[in-house]
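Undergrad: Before anything else, here's the structure in question.
Quick note: the coordinates plus some simple rules give every number you see, no bench work behind them. Since we're looking at a predicted model, the values are computed, not measured. Ideal geometry is used to build each Cβ from the backbone, glycine not excepted, and the neighbour counts take in all protein chains shown.
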Amino acid sequence: MILEVEHQLSYSYSDYVGLNPHYFYLSPKPNPYQYLVKHNLSILPKPDLINKNIDQEGNIQHICFMNLQVRTFEVNSKFTIQSDDFKGLNFVFFPFETAKIPFKYPNRMAIYVDLILSTKKISTEIQAYGNRIAQRANYNTIDFLMELTSDIHRGFGYISRERGNALSAEETLVSKSGSCRDFSVLMIEVCASQGILGRFVSGYLYGSDLHQHELHAWVEVLLPGGGWRGFDPTEGKVVDKNYIALASSIESLGLNPVRGTFRSNNHVESTLITEVLIKEIS
């Protein structure tokens, strides 16, 4: 299918402000099943300079520089993408023993993963929750991931919260509620408790009454033989062709579609209005 996505962001300020460099993550991240047909990024007022980069984690990034003093700042991203059918769990674990947890990542992958997982401080509560899920899944890697995805979807209450950083995994586990960002952070930490590396993904979800008109978040886990595979604990399912990733990161912070600050000598209030429109055109 071919999808057309339009994301509008309109900032207004109570007084004239200067804009520091703004970072945009509004261009879809390519994968073997999705192909960007065209993309138009428009900004008003017109920037003095836009740099197009690949950031440290392989995301497409635009950096906007503007010297004007402004009262409004508008960003419009519109793109067309072809999204083909694929089966998210259609792969073979290799080495074969990694189909069971806990497992050790092989060779070069281990150097990358072990360094990241060693920095995580998993709480007793998260570890216990992960152990319970693993036991229910009979320590089968895929069954663990599906059981965890389903358990968060079934057992936690969804709260729409458009702004603010994700809550800690411990806070979400205790409250049994949260936004898609919170559920994703929780799943990443629970996966880490069982030795599986996960990362946070920001993007869009077509066909969901709950999330189609706003930014969505989900999880990708690194699996030997499968690479990065997506799971959505909010929706309770494996990522499919309806998901469009904008950016992914080991950390949840810094993946806003537009990130930047303004400066002024006065106290200034800012307002943001956003709208996401997704439609299938063939």
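Undergrad: Taking only C-alpha pairs under 8 Å that are 6+ residues apart, what is the relative contact order of the chain in percent?
TA: Reported as a whole number, the value is 29 percent.
Undergrad: What's the angle, to the nearest 10 degrees (0 to 90), between helix 141-155's Cα axis and the longest principal axis of the chain?
TA: 60
Undergrad: While we're looking at this one, here's another question. If you take the beta carbon distance between Ala110 and Ser177 as r and set R0 to 35 Å, what does 1/(1 + (r/R0)^6) give as a FRET efficiency, to the nearest 0.05?
TA: Rounded to the nearest 0.05, the efficiency is 0.45.
Undergrad: Using 0.36 nm times the number of residues separating Phe96 and Asp209, minus their current alpha carbon distance, what extension gain do you get?
TA: 36.8 nm
Undergrad: Using a basic spin-label model with each label point 7 Å from the Cα along Cα→Cβ, how many nm lie between Gln82 and Arg263?
TA: 4.6
Undergrad: Could you list Arg136, Arg199, Arg108 so that the one with the fewest beta carbons within 10 Å of its beta carbon is first and the one with the most is last?
TA: In order of increasing Cβ crowding within 10 Å: Arg108, Arg136, Arg199.
Undergrad: Sticking with this one: Name the residue from Tyr158, Pro106, Ser177 whose Cα lies farthest towards the positive end of the charge dipole of the range 96-240, charges +1 on Cβ of Lys and Arg and -1 on Cβ of Asp and Glu.
TA: Pro106
Undergrad: A further question on this structure: What share of the DSSP beta bridges in the range 96-240 is antiparallel, in percent to the nearest 5?
TA: Among the beta bridges of the range 96-240, antiparallel pairing accounts for roughly 90 percent.
Undergrad: What is the dipole size for the chain, taken about its Cα centre, with +1 at each Lys and Arg Cβ and -1 at each Asp and Glu Cβ, in debye to the nearest 20?
TA: So the magnitude is around 440 debye.
Undergrad: Using each residue's phi in the range 225-241, evaluate 6.51 cos²θ - 1.76 cosθ + 1.60 at θ = phi - 60° and report the 3J(HN,Hα) Karplus result to the nearest Hz, with x for Gly and Pro.
TA: Coupling constants for the range 225-241: x, x, x, 7, 10, x, 9, 10, x, 5, 8, x, 8, 7, 5, 10, 5 Hz.
Undergrad: According to the Kirkwood expression over distinct Cα-Cα pairs, how big is the hydrodynamic radius of the range 178-282, in Å?
TA: 15.3
Undergrad: Measure nothing but the geometry: give the 0 to 90° angle between the long axis through the Cα atoms of 124-136 and the longest principal axis through the Cα atoms of the chain, rounded to 10°.
TA: The two axes meet at around 60 degrees.
Undergrad: Among the aspartates and glutamates, which have Cα under 13 Å from the Cα of Lys38 when same-chain residues fewer than 8 positions away are ignored?
TA: Cross-link targets: Glu4, Glu6.
Undergrad: If we sort 121-127, 18-24, 218-224 on the protection proxy, mean other Cβ atoms within 10 Å, highest first, what's the order?
TA: 218-224, 18-24, 121-127
Undergrad: How large is the translational diffusion coefficient of the chain in µm² per second when you combine the Kirkwood radius over alpha carbon pairs with Stokes-Einstein at 25 °C and 0.890 mPa s?
TA: Roughly 122 µm²/s, to the nearest whole number.
Undergrad: Oh, and also: Based on a Kirkwood Rh over C-alpha pairs, give the Stokes-Einstein translational diffusion coefficient of the range 96-240 at 4 °C and viscosity 1.567 mPa s in µm²/s.
TA: Value of D from the Cα-based Kirkwood radius: 84 µm²/s.
Undergrad: What are the principal axis extents of the Cα atoms in the range 1-138, in Å, biggest first?
TA: The principal-axis extents, from largest down, are 58, 39, 29 Å.
Undergrad: Mind pulling the angle between the C-alpha long axis of helix 180-193 and the longest principal axis of the chain? Nearest 10 degrees, somewhere in 0 to 90.
TA: Computed tilt is about 40 degrees.
Undergrad: Under a plain spin-label model, where a point goes 7 Å from the Cα along Cα-to-Cβ, how far apart in nm are Asn20 and Arg161?
TA: 2.4
Undergrad: For the range 87-96, in order, what is each residue's ³J(HN,Hα) by Karplus, 6.51 cos²θ - 1.76 cosθ + 1.60 with θ = phi - 60°, in whole Hz (x at glycine and Pro)?
TA: My calculation for the range 87-96 gives 9, x, 10, 8, 7, 10, 5, 8, x, 4 Hz in order.
Undergrad: Placing unit charges on C-beta atoms (Lys and Arg positive, Asp and Glu negative, everything else neutral), compute the dipole magnitude of the range 89-231 about its Cα centre in debye, rounded to 20.
TA: Magnitude of the dipole: close to 260 debye.
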